[in-house]
Structures are given as C-alpha cells and as structure tokens.
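Structure first, then comments.
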Amino acid sequence: MGDLSPGFRGKARDLMARLPPGQYPTESFPVLSAGPTPHVPTDRWSFTVTAETGESRTWTWEEMMALPQEETTADIHCVTRWSKFDTRWRGVPLDAFLDGVGTAAGFVLAESFDGYTTNLPLEDVTGGKAWLAHSFDGYALSPDHGGPARLVIPHLYFWKSAKWVKGLVLTPENEPGFWESAGYHDYGDPWREQRHRSD
Ligand SMILES: Nc1nc2c(c(=O)[nH]1)N[C@H]1C(S)=C(S)[C@@H](COP(=O)(O)O)O[C@H]1N2
Ligand SMILES: [Mo]
C-alpha cells in the first residue's frame, strides 16, 4: 500500500512537520476580528512610519504600490489553533519602509484603522520576514481579512499580523498591544507555543 501512494504519504508527512504543536490544519480561511471591519478606500489610505524622535514618513496608496513588490507563500498559525498552509500574498516587505529610518528603537507598535495595536521586536519585522500585503491568492485583499492592506508576519501567531494597518511606531521600550495587554504572550512564537503570558 505504501508503494502505491508514496507521493501522498510523503506529502502528508511533510505537511505534518510544518504544523506547530497544538495546531490543526484548515483549508478554510476563518475571519477573526475584535471589532467591526473598518472600510478604508485606497484614496484615503496612507501608511506612516514614526520614529521615536517624532520624525515620520507617510506613503499614499499609489506611492506604496510603486515600491518593489514581492510575492510570498507562507504557512500561517492562529492562536485559536487553526493553521493554513501555503497562503499566497503580494505586497511590500516592511524593510522598504524601515530601511531609511534613523532609529535606536528596538521595538515597533503596529497601529490599525480600527484602533487595534500589536507590538513586535524591530528585528522581527525587518530582514525579509514581514510584509505589508494588499493581495491574497491573486486578488485584492478582502475587507474582512484586512484590506486594503494588512501586515503578514508568518513566523509569529497571526494576531501579530495587524489587519487594516495604518502605520508603525518605533518605540525604545516594548509597549504591549491590544491582545498582549489582555494576557496573550508578548512574542508569540507558534513553535514554542507562546500563546499566553504565562507560556
Ligand atoms: N486590526 C486588526 N488586526 C487583527 C485583528 C483585529 O481584530 N484587528 N485580529 C488579529 C487576529 S487575533 C488574527 S488571528 C488575525 C486574523 O486574520 P484573518 O481574519 O484574516 O484570519 O488578524 C489579526 N489582526
Ligand atoms: Mo487570533
């Protein structure tokens, strides 16, 4: 039997190895939002990076879309235990917004149009590990999933991937965001099951 379907068995085994502890795979794409979906037309959209000095830089939608774009395919892991393999995004690596910024800060606080915030070490959003994504699976990102644009930071639990993101604030001190203040883990590594503050 193993001889008849070695490819399938091999693929299933490979996928299991990509599943962090305590997670189950899903084909669907659940929507998880703490509040109502904000609707932000692209002509009123902007993305602002603010340094700890107060200096800031803002990109309009057109300016953001004119930056070099990347396609990335990644597995995503929600703290509510679903994981989705091979999600396909298009957007701009966060390096494009952060490279030119003079900063001594070690952390960023992502801020969204719905008031949501989440905190991250600066090194987790630089070096090609994080994107401002505006497309999912070849289509413009739907409002429920964070459109017109959201963060995608696949190596951390998906609550770190702020939907409807409007900017990043560089902070010298680590400032807990919305879920982090409510008892979620500060860092959120799915491979170490960092779900709650006490994990
Ligand atoms: N602005 C904003 N971003 C957010 C959230 C939110 O409520 N508001 N929920 C987070 C949580 S808990 C998860 S699991 C993912 C869910 O993304 P999805 O709805 O596209 O699956 O978005 C994250 N980003
Ligand atoms: Mo979540």
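The values are calculated or read from the model by the stated rules, or taken from the named source; none is laboratory data. Fair warning: this is a prediction, and the values are worked out from it, not measured in the lab. Positions of Cβ are backbone-derived with ideal geometry, glycine not excepted, and every protein chain shown enters the neighbour counts. Side chains are part of the model used for accessible areas, which takes the heavy atoms of the whole protein and leaves out ligands, DNA and RNA. Shrake-Rupley method; radii C 1.70, N 1.55, O 1.52, S 1.80 Å.
Over all distinct alpha-carbon pairs, what is the Kirkwood Rh of segment 6-192 in angstrom?
Computed over Cα pairs of segment 6-192, the Kirkwood hydrodynamic radius comes out at 17.0 Å.
On a full-extension model of 0.36 nm per residue, what is the gain between Thr58 and Ala182, subtracting their alpha-carbon distance, rounded to one decimal in nm?
41.6 nm
Relative contact order (percent) for segment 6-192, with alpha-carbon contacts under 8 angstrom and 6 or more residues of separation?
24 percent.
If all Cα-Cα distances of segment 139-191 are sorted into 10 Å bins from 0 onward, what percent lands in each bin, rounded to whole numbers?
22, 48, 27, 3
Provide the per residue accessible area, probe 1.4 Å, for the chain, rounded to a whole number of square angstrom.
Result: 50 Å² of accessible area for each residue.
What's the angle, to the nearest 10 degrees (0 to 90), between helix 6-17's Cα axis and the longest principal axis of the chain?
Taking the Cα atoms of the chain, the angle to 6-17 is about 40 degrees.
Tell me, what is the FRET efficiency for Ala104 and Ala140 to the nearest 0.05, using R0 = 45 angstrom and their Cβ-Cβ distance as r?
The computed FRET efficiency comes out at 0.75.
Could you check the spin-label model distance between Asn174 and Leu32? Points 7 Å from the Cα along Cα→Cβ, value in nm.
For Asn174 paired with Leu32, the spin-label model returns 2.0 nm.
Taking 0.36 nm per residue of sequence separation and subtracting the Cα-Cα distance, how much length would be gained by fully extending the chain between Asp95 and Leu15, in nm to one decimal? Walk me through the numbers before you get to the answer.
Numbers: separation 80, 0.36 × 80 = 28.80 nm, distance 2.94 nm.
Extra length available between Asp95 and Leu15 comes to 25.9 nm.
I'd like the carbon and sulfur percentage of the solvent accessible area for segment 25-82, probe radius 1.4 Å, heavy atoms only, ligands and nucleic acids excluded.
50
How many Lys pairs in the chain lie less than 22 angstrom apart by Cα atoms, where the lysines are 8 or more positions apart or on different chains?
7
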